[in-house]
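The values are calculated or read from the model by the stated rules, or taken from the named source; none is laboratory data. Treat the numbers as computed from the prediction; the structure is a model and nothing was measured. No Cβ is skipped: glycine too gets one built from the backbone with ideal geometry, and neighbour counts run over all protein chains shown.
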Protein chains: 2
Amino acid sequence: MSTLRGAAPVGAPDAVAPAESHSKADRAYQALIEGIQQGRFAPGSRLVLAQLADELGMSVVPVREAIRRLQHDDLVSYERNVGATVVGVDPEEYRYTMETLALVEGFSTAQCAPLVTAAELERARDINARMRALLDDFDPVEFTALNKEFHSTLFEHHQNPHILDLVHRGWNRLTALRSSTFAHVPGRAPQSVAEHDQLLDLIAAGAPFQDIEAAARQHRANTLTAYMDTMAPADQH
Amino acid sequence: MSTLRGAAPVGAPDAVAPAESHSKADRAYQALIEGIQQGRFAPGSRLVLAQLADELGMSVVPVREAIRRLQHDDLVSYERNVGATVVGVDPEEYRYTMETLALVEGFSTAQCAPLVTAAELERARDINARMRALLDDFDPVEFTALNKEFHSTLFEHHQNPHILDLVHRGWNRLTALRSSTFAHVPGRAPQSVAEHDQLLDLIAAGAPFQDIEAAARQHRANTLTAYMDTMAPADQH
DNA sequence: CCGCGCAAAATCGTATACGATCTGTGGTGA
DNA sequence: TCACCACAGATCGTATACGATTTTGCGCGG
């Protein structure tokens, strides 16, 4: 899907596009998404067209378009004649996003698995080793970055660009919702690393499609569960 | 997701919004999507802003926005400084769409299954019976409409709006790509009806999640396979 | 006859301007 | 004191205008 869209998904590993996309709308989009992900625009805060346009040194028209893109990325909520507000850390929305991501990421991982080369598998193991090394002196940001890199390695030979795009969108959204899940649930990290190893073993062994899919899906579902348990331990009715 | 987006997804069963959405951009979007789905805008044909604006009795600004929405729905491809062209019936793209739809629809069906009431199950059986009755004097359009209705019934209690939105997008895209798959592969229809029954049996029996998901996914995958076999029997390299 | 370059037409991208709609505030009457 | 209404400010939605880029067609030279 990436190949279809005029704007490359920000954060996509294949989109190493420079900051200069030769389109003000693109620049605005990138600036806003970065601002949201870095927390410069707090959740719930309003994004006012004129103000942003002034800030970015352009007219409101490109800004407006950028905001509509953010809207369909579900990074902002929009109300007609009122404006856009940065989407909050609603646990419900987080759950939806993680669930969707588990679905598409699981499928994509399984689909790519037979095409992963030995070298890539080695690279993934190396990344996971670095993640494990990081467990002692835990750094959530670095850990999350490696986590992304790990899964990206397994997606190198994506078969279905639509699904790949969905994965990237999910990642973007997560990054926007909170800089790092592991910052909130550090206890999840060791388990995550272990599951990575299991996943790699399955791929290396040429396990059946549904086994790999189930494992990859469960991997993310576990993260979600860990998060939910931590954040809302009183959520038992 | 639907609840987050400013514009209700066209074709969504819960979006019975009248043609008057009180926004020219919305009207333009709806007009264009209908035009594409009805074949008024042939695949490959260009969508010129000024021309459409004139036709719809509005300025180019709302039309532009509508086209960008179509772009992210993957109904048109867009090139900077050139314009939008209606996406064609590329078999590759069709495969991607069907595959993605199999994924999200399968999951959604499985997730909704435990919540389907007896009445709804009955309704689904009734729809399927009407589809079976249609097999003798086959009408692809009517059959496809019932097919949509059938699956919609099983989605009544959607859990994850993001995934539901993905399903709707996939349907929209399919409708745009070709008015009806069954028009091209009529031989698939009887098998489809039979699989519907099996799916209903699984749901009624309270089958495990993964069984229902697998069945629903396979159901759509089968349609894809049937189509691929018919359209490209020489595709064996 | 074919390729190359330039100019004109077509089309998009952005800026500015104005009307429409919403939100908040202050005042008035009960 | 509280509810309600009117008005003003803020912000968005759309129209129009103009500059930027691409495409196309024509003429020239080989």
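Close contacts from segment B:115-137, counting a first residue that is closer than 10 Å to B:T153 by Cα and in contact (Cβ under 8 Å) with a residue 40 or more places away in the chain and a second that is of a type in the set (S, T, N, Q) and crowded, with 17+ Cβ neighbours inside 10 Å, with Cβ to Cβ under 7 Å and a gap of 6+ residues or different chains, come to B:A124/B:T153.
Output the residue which, of all residues in segment B:186-214 that are assigned to a loop (DSSP other than H, G, I, E, B) and touching a residue at least 60 places away in the same chain (Cβ under 8 Å), is surrounded by the fewest Cβ atoms within 10 Å (Cβ to Cβ).
Initial filter on segment B:186-214 (assigned to a loop (DSSP other than H, G, I, E, B)): B:186-187, B:205-208.
If we keep only those that are touching a residue at least 60 places away in the same chain (Cβ under 8 Å) as well, we get B:206-207.
Working: B:G206: 9, B:A207: 18.
Looking at residues that are assigned to a loop (DSSP other than H, G, I, E, B) and touching a residue at least 60 places away in the same chain (Cβ under 8 Å), I get B:G206.
Condition check for A:P140 on (1) in contact with a Phe, Trp or Tyr (Cβ under 6 Å, 6 or more places away or on another chain); (2) buried (at least 22 other Cβ atoms within 10 Å of the Cβ); (3) over 21 Å from B:T97 (Cα atoms): one failure, at (2). Restricting segment B:39-52 to residues that are without any contact (Cβ under 8 Å) to a residue 60 or more places away in the chain, more than 9 Å from DNA strand C (Cβ to nearest atom) and out of contact with any Gly (no Cβ under 6 Å at 6 or more places or on another chain) leaves a set whose member that is nearest to the other protein chains (Cβ to nearest Cβ) is B:S45.
Just one residue in the set B:L224, B:L164, B:L154, B:L174 is within 14 Å of chain A (Cβ to nearest Cβ), surrounded by 21 or more Cβ atoms within 10 Å (Cβ to Cβ) and touching a helix residue (DSSP H, G or I) at 6+ places or on another chain (Cβ under 7 Å); that residue is B:L164.
Can A:S179 be described as polar (S, T, N, Q), at pLDDT below 90 and surrounded by 15 or more Cβ atoms within 10 Å (Cβ to Cβ)? Before you say what the answer is, go through the steps one by one.
Values: polar (S, T, N, Q): yes; at pLDDT below 90: yes; surrounded by 15 or more Cβ atoms within 10 Å (Cβ to Cβ): yes.
Yes; evaluated as a whole, the condition is true for this residue.
Candidates in segment A:28-74 are the residues that are away from DNA strand D (no atom under 14 Å from the Cβ) and small (G, A, S); of these, the one that is nearest to A:A84 (Cα to Cα) is A:G44.
Answer with yes or no whether B:V82 is within 16 Å of DNA strand D (Cβ to nearest atom), more than 10 Å from chain A (Cβ to nearest Cβ), out of contact with any His (no Cβ under 8 Å at 6 or more places or on another chain) and not small (G, A, S).
In short, yes.
Being within 16 Å of DNA strand C (Cβ to nearest atom), surrounded by 19 or more Cβ atoms within 10 Å (Cβ to Cβ), assigned to a helix (DSSP H, G or I) and touching a residue at least 24 places away in the same chain (Cβ under 8 Å) narrows it down to one residue among A:V104, A:V63; which is it?
On the way: A:V104 fails: within 16 Å of DNA strand C (Cβ to nearest atom).
Within the list A:V104, A:V63, the selection yields A:V63.
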